[in-house]
Structure formats: structure tokens, C-alpha cells
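*Asks:* Below is a structure I'd like to ask you about.
The values are calculated or read from the model by the stated rules, or taken from the named source; none is laboratory data. Model, not experiment: these values are computed from the prediction. Positions of Cβ are backbone-derived with ideal geometry, glycine not excepted, and every protein chain shown enters the neighbour counts. Only protein heavy atoms, including side chains, enter the accessible area calculation; ligands, DNA and RNA are left aside. Shrake-Rupley method; radii C 1.70, N 1.55, O 1.52, S 1.80 Å.
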Amino acid sequence: MRDILKEIWATTRKNKLRTALTGFAVAWGIFMIIFLLGAGNGLINAQKLSSERFLDNSMIIGSGQTSKAYDGLKEGRNISLNTTDMEITSRSFNKHIDNVGAQADKEGQTVSLENNYFSGSLAGVYPNDIQINKKELLHGRFINDTDIRQQRKSLVISDENARELMPHNTAALVGRYVAVNNIAFRVVGIYKQDKSSMWSYSYMPFTTFSTIYNKGNKVENIVFSFHGLNTEKENEDFETQYRARINNNHRAAPDDESAIWIWNRFTSNMQMNKGISIIQTALWIIGLFTLLSGIVGVSNIMLITVKERTREFGIRKAIGARPSSILRLIIAESIIITTIFGFTGMVLGIASNMYMDATIGHTKVNSGLFEATMFYNPTVGLDICIEAMAVIVLAGTLAGLIPARKAARIRPIEALRAE
């Protein structure tokens, strides 16, 4: 083996430029695979980070406007969801639905404590809102069932709004009474503000909200989590049945998709995952084709090497060298070139991803109203790097196989004809 390595080293030194150019093509190919996958993961991870703000298996139902005439009524009627729709949701679809809540909001409301105040949006919610919209509580608690039943004047505010009321000790605000449009509310919890959202809500029990703002039995949105709907078809069938049932309560056509709107976060997440899979596949294809160009270069240099060494190989066979020894020599040279330069490309690819992560790996766009993460953790797992390295070594072996077989078939007589 030592003799083979010495011979390969001598051949490489003799053709430095050609070997370097071929090696660069190999290194560039694996570098591009890792770099592209890392950059793609940066965009994909940012999208996943955004989607993690919501519970996947949840739906939000909103009011719409009829687009079809039905039951003697013209199209264009505004539909308003109500508590009866909530009861239908809970009672008729309890096979899949876990718990049902509602949302309603009002903008431009003032919350004050002594001389400090802030203006923002108020929202009436049910206890399930904290799971469905994934809020992180910092102090106290969220709205609970007792608040709903007793119509308590309980309030949950964001940490940023809490600092407006009590700048130096926001935790001490829990248990204090604040004025919401001159109505006393007790602060029961403080949650971490999601900076990716344009709105900063203060939450109160939905029943309290309805009473204060005279909403009667009207609700703006119905929200619920669900289980047992694991495929896209199952979700589509559920939505069709649900829409027909709610539309029937408002004398709208069962198949009128405009009467109410349904945001199914589960199917939205499935579609996002499909898009991510397509992007990842495209990146792999681009990277592999780039890598292929390097492998073709390795094969070409081996063919040229065989042609240049025809006389040498012929003489070797004339003095008793076996075809297998020549075959082994060419394949070993091909493997060594692809392995060394492939490893170099892999290290450079990992380094470039680490550099991206350190510089733009947590890039956010700040519009003044909200922050959006555009690029997050642009790295590739070590397993992917090893797999890419294994692919290039295997490809290098195959690239050297054709030249090696050609070299093994050289006859001694051809050594005399070679110049």
C-alpha cells in the first residue's frame, strides 16, 4: 500500500495544475451542497419558527358573506357567528374537537394605573386561547373557567404594556387593579409579547367582554383544537361537514365557502411542509449536479493519466504485473483525490455555514411595529455532511473504474507503439 501511495504522490506532483483543477471541482461540488442546504435551512427554519407560534391541530372560524342565493334569501348577506354556533361546534363534532372557545376584540382602548397608561387592543377570550396561540406567561395566570362563569373583571397584559404601567417592577403588577376605560380590572397575569405580531392585546374573559361592549350572543371568531384528523382528506371532509352545519344555522347554502371562513392550521402546516420538501429536493439536485461536474473531471483526468502511462502499464504487464494491480492503482488514485478534496470542500462548507450562523443566522426585519425572523440557524447536521462525503467517495470510486478497466486491458505490445 505504501508503494501505491508513493506512486500516486509522484504522479500528482508531476501533474500539479491538472490535479489541482480537478480537485477544486470536487471540493466546489461538495462545498455547494453543504452551503446550499445550509442557506435553505436558514430560510426554512425561520418559517418553522414563525409557524410554531400557533398550535398545529387548531382551527379558527370567522364570519363571512354569502355568495349564493339560498332558501329564498339573496346572496351578499353578512353572516355573524353566535353562541349557538359554538354549541353546535361543541355538541355535534365532539368526536374530534377537544374544547371550544371564542374571540372578540376592540381597538383603541386605554388601560391606566395612576398617572401611567397605554393604549391598545382588548380581546375577550376563553382559557384555550393560551394553548392555541401559544402565549408564554411570565407572571401570574391566564384567563380561567371561573373568570368565564362569573364574568370576572380579570385582565392579562403583555410585559411591554406592563412596563408602561409599572416600569421598575412589572411582576408586582399582578394583583393590582387598573382602569380599563374607567372600569376597574384586576391584573391576573403578564405574558411575553410576541414581537413578530403587529398587535399587543390585553385579554379579559370573553363573557365579561360581551357584557361590557354589549355583544349579546355574537362572537367574532370561534377557536378550537382537534384530534383524530391526520390526513389532508380527513381534514377536508371535516371542513365540508362543519361548514354545511354552521351554514345551515344561518340559512346559507351548505357548500357556500364564503359564508364562513375556516383557517385550518393543520392543513396549512402540511402544505408548508410539502413546500419545504420541494425546496430541499431542489437544493439537493442543484448540489449533486455541481458535484457531478467534479466527478466527471476526476474521470477525465484518470483517462488522461492512463493514456499518458500506456507505455508504463504495458511494460509492467510484460514483466508480470497482474491486471488487478493496475486496476487497484487507478481506483486508489481516484478515491484519494476525491476523498482529500471532498473533505476539504466539506470542511469549507461547514465553516461557511458557521460563518452565516454567526453573522446573519438570526436576521430579523424590524418594521417599527413588529419583528420578523427572516433567516435562522443556517446550518447542516453532521450526518448530512457525512452522507455527502460518502456519496462523493463512492462517486470517485465509480469515476476511476472506467479508466482503471481500460488500463488493466492494455497489452504489452501497446507499450511499444506508445510515444
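*Asks:* Using Cα pairs closer than 8 Å and at least 6 residues apart in sequence, work out the relative contact order for the stretch 239-351, in percent.
*Replies:* 16 percent
*Asks:* Ok, one more. Dipole of the stretch 95-151 (Lys/Arg Cβ +1, Asp/Glu Cβ -1, origin at the Cα centre): which of 146, 96, 131 lies farthest to the positive side?
*Replies:* 96
*Asks:* Where does helix 2-14 land angle-wise versus the long Cα axis of the chain, in degrees 0 to 90, nearest 10?
*Replies:* 90 degrees
*Asks:* Would you work out which of 263, 60, 293 lies farthest towards the positive end of the dipole of the chain, given +1 charges on the beta-carbon of Lys and Arg and -1 on that of Asp and Glu, about the Cα centre?
*Replies:* Going by the Cα projections, it comes out as 293.
*Asks:* What is the angle, in °, between the Cα long axis of helix 16-51 and the longest principal axis of the Cα atoms in the chain? Nearest 10 is fine, range 0 to 90.
*Replies:* Between the helix axis and the principal axis of the chain, the angle is about 10 degrees.
*Asks:* Also: To the nearest 500 deg cm²/dmol, what mean residue ellipticity at 222 nm is calculated for the chain from DSSP H runs of n ≥ 4 alone, each contributing -39,500 (n - 2.57), summed and divided by the residues?
*Replies:* Rounded to the nearest 500, it is -18000 deg cm²/dmol.
*Asks:* Would you please give the FRET efficiency between residue 245 and residue 114, computed as 1/(1 + (r/R0)^6) with r the Cβ-Cβ distance and R0 = 51 Å, to the nearest 0.05?
*Replies:* 0.55
*Asks:* Specify which labelled value, from (1) 1.55; (2) 0.95; (3) 1.14, agrees with Cα Rg over 2.2 N^0.38 Å derived from the coordinates of the model shown.
*Replies:* (1)
*Asks:* How high is the FRET efficiency from residue 146 to residue 199, r the C-beta distance, R0 25 Å, rounded to 0.05?
*Replies:* With R0 = 25 Å, the Cβ-Cβ based efficiency is 0.40.
*Asks:* Where the centre of each part is set by its Cα atoms, how far does the stretch 326-364 sit from the stretch 226-252, in angstrom?
*Replies:* Centre-to-centre (Cα) distance: 51 Å.
*Asks:* Using the alpha-carbon atoms, what tilt in degrees (0 to 90, nearest 10) does helix 323-359 show relative to the longest principal axis of the chain?
*Replies:* 30 degrees
*Asks:* Roll a 1.4 Å probe over the protein heavy atoms and report the accessible area of residue 49 in Å², nearest 10.
*Replies:* 60 Å²
*Asks:* Calculate, for the chain, the solvent-accessible area per residue in square angstrom, rolling a 1.4 angstrom probe over the heavy atoms of the protein chains.
*Replies:* 53 Å²
*Asks:* Roughly how many percent of the accessible protein surface of the chain is carbon and sulfur, given a 1.4 Å probe and a whole-percent answer?
*Replies:* 56 percent
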